[in-house]
1. So which residues in the range 387-420 are under 25 Å from ALA233 (Cβ atoms) and of a type in the set (Asp, Glu), if there are any at all?
2. Only one of LEU387, LEU407, LEU381 is out of contact with any strand residue (DSSP E or B) (no Cβ under 9 Å at 6 or more places or on another chain) and of a type in the set (A, V, I, L, M); which?
3. LEU321 - would you say it is surrounded by 16 or more Cβ atoms within 10 Å (Cβ to Cβ), within 27 Å of ASP83 (Cα to Cα) and touching a residue at least 24 places away in the same chain (Cβ under 8 Å)?
4. Checking the conditions here, which among GLY406, GLY389 is closer than 14 Å to VAL345 by Cβ, surrounded by 19 or more Cβ atoms within 10 Å (Cβ to Cβ) and in contact (Cβ under 8 Å) with a residue 12 or more places away in the chain?
5. Against the conditions (1) in contact with a Phe, Trp or Tyr (Cβ under 7 Å, 6 or more places away or on another chain); (2) of a type in the set (A, V, I, L, M, F, W, C); (3) more than 22 Å from PRO229 (Cβ to Cβ), where does PHE414 fall short? Just the number, please.
6. With the condition kept exactly as written, say whether any residue in the range 275-282 is among the polar types (S, T, N, Q) and either in contact with a Leu (Cβ under 7 Å, 6 or more places away or on another chain) or farther than 19 Å from PRO357 by Cβ (or both).
7. Hey, among the residues in the range 343-361 that are of a type outside the set (S, T, N, Q) and closer than 30 Å to GLY402 by Cα, which one's surrounded by the fewest Cβ atoms within 10 Å (Cβ to Cβ)?
8. Before we move on, is ILE53 more than 20 Å from the chain's Cα centre (by Cα), surrounded by 21 or more Cβ atoms within 10 Å (Cβ to Cβ) and not acidic (Asp, Glu)?
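The values are calculated or read from the model by the stated rules, or taken from the named source; none is laboratory data. The shown structure was predicted, so the numbers you read here are calculated from the model rather than taken from an experiment. Cβ: placed from backbone, ideal geometry, glycine included. Neighbour counts: every protein chain shown.
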Amino acid sequence: MPAVTFSPDDRYNAFITTLDQAETGPGRLSGIAVAVKDNISTRGIRTTCASRILDGYIPPYDAHVVTLLRQEGAAIVGKTNMDEFGMGTTTENSAYGPTLNPSDPSRVPGGSSGGSAAAVASGMVRMALGTDTGGSIRCPASFCGIVGLKPTYGRVSRYGLIAYANSLEQIGPMAQNVEDVSLLMEVLSTHDPRDSTSISCPYRHTPDPTVTGLKIGVPEEFFGEGVDPRVAAVVWEAISRLEGEGAEIVTCRMPSMVFALAAYYVTCTSEASSNLARFDGVRYGPPADTKRPWHESFQERRREGFGTEVRRRIMLGTFALSSGYYGKYYAKAQAARQQVRNDFVRLFRTVDVIAGPTMPTVAFRLGEKTDPLSMYLSDILTVPANLAGVPAISVPCGTSEGLPVGLQVMGQWFRDEKVIDVAAAYEQGVSA
């Protein structure tokens, strides 16, 4: 088969690296242009994590998910922009400049998989891979008006993913519609013995847009403080549509939400502190000056190679893990994380899925949120799914102020098929 020719639209800065022509072959994805987030290893193609410390790094191997794409004939056309090492909600924390939202170029596309979302939303590619540590697939899917799935933890191999927070992150599909997300998920979900967290649970499913008799739990906390009332109204209308299709709506409580954000940020920064220690100018990163004392050279390499937000999270995580503070912070965060999981276990005894807004607001303006705390608060509705490891999808459900709003559906562990079905039901009901 001939290679796919690719000419990206540079207006949105969605890509860090592009290929003029991408090889394609026979398979379920034959001839389909697919973009890959730049923290997923691609043999022979630069992979930077949007960080200066990896500028010019070319992996000698493919991530497992990239191998699967190639086996199914996908044309990998480039590596997408992102928040550096996946740390951000806007794709402004990139060493290669911010990505712009195709819905409104004055707005952020969300993060950290903003480049993948923008590439799909603008029509440059039909599908893309993102990664989701605390909402990094669902946030940009919501802000850009596309569909994005965070699979159940362990259902998609993380081999070849440059780690940020191992116990939280998952690779997942992004596309313009539920059917394409389902197709890409079918390709990605194979067991990989090289990833110790990989579980053999193949996804072989055709979306079934039937919700008759389905019980949808709607936690009050998902419409609480910080959620824009206009966004809440759009999401409630979407939930009412599902009720009109035959679903039963059950209002419920999720008390652990009060702990979720703090538990997430202590956990992810602690894991980042450990994972990013390898970038020391010896094993990875620009070569260190071996004529100087090691600690001086180490500090200089990391100060020059890492951006502000990455340095901030490394320092927060190092503090949380340090002697005398481990029990006060990291251990407490894990106890709170278990409470989040317990809430999901309790709720799934009486409901089939949980629904609410993906993000508390629509996409904000570039440069609007400079305070780290206000930025972190934007993740309040997405981090519970990562803490518990459950599948969650964002599907476009309308607009507020002319900007996309996402409906988030979370399901039971390894019931990714069910959240996809609910998303398909909403999508089909709107288009009918």
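1. Across the range 387-420, the qualifying residue is only GLU401.
2. Values: LEU407 fails: out of contact with any strand residue (DSSP E or B) (no Cβ under 9 Å at 6 or more places or on another chain); LEU381 fails: out of contact with any strand residue (DSSP E or B) (no Cβ under 9 Å at 6 or more places or on another chain).
Selected residue: LEU387, the only one of LEU387, LEU407, LEU381 that is out of contact with any strand residue (DSSP E or B) (no Cβ under 9 Å at 6 or more places or on another chain) and of a type in the set (A, V, I, L, M).
3. Details: surrounded by 16 or more Cβ atoms within 10 Å (Cβ to Cβ): yes; within 27 Å of ASP83 (Cα to Cα): yes; touching a residue at least 24 places away in the same chain (Cβ under 8 Å): yes.
Here the answer is yes, as LEU321 does meet what is asked.
4. GLY389
5. (1)
6. Among the residues of the range 275-282, at least one is among the polar types (S, T, N, Q) and either in contact with a Leu (Cβ under 7 Å, 6 or more places away or on another chain) or farther than 19 Å from PRO357 by Cβ (or both), which makes the answer yes.
7. The first filter runs over the range 343-361 and keeps only residues of a type outside the set (S, T, N, Q), leaving 343-349, 351-357, 359-360.
Within this subset, residues satisfying the condition of being closer than 30 Å to GLY402 by Cα are 353-357, 359-360.
Details: VAL353: 27, ILE354: 27, ALA355: 25, GLY356: 24, PRO357: 25, MET359: 30, PRO360: 21.
The extreme case among them is PRO360.
8. yes
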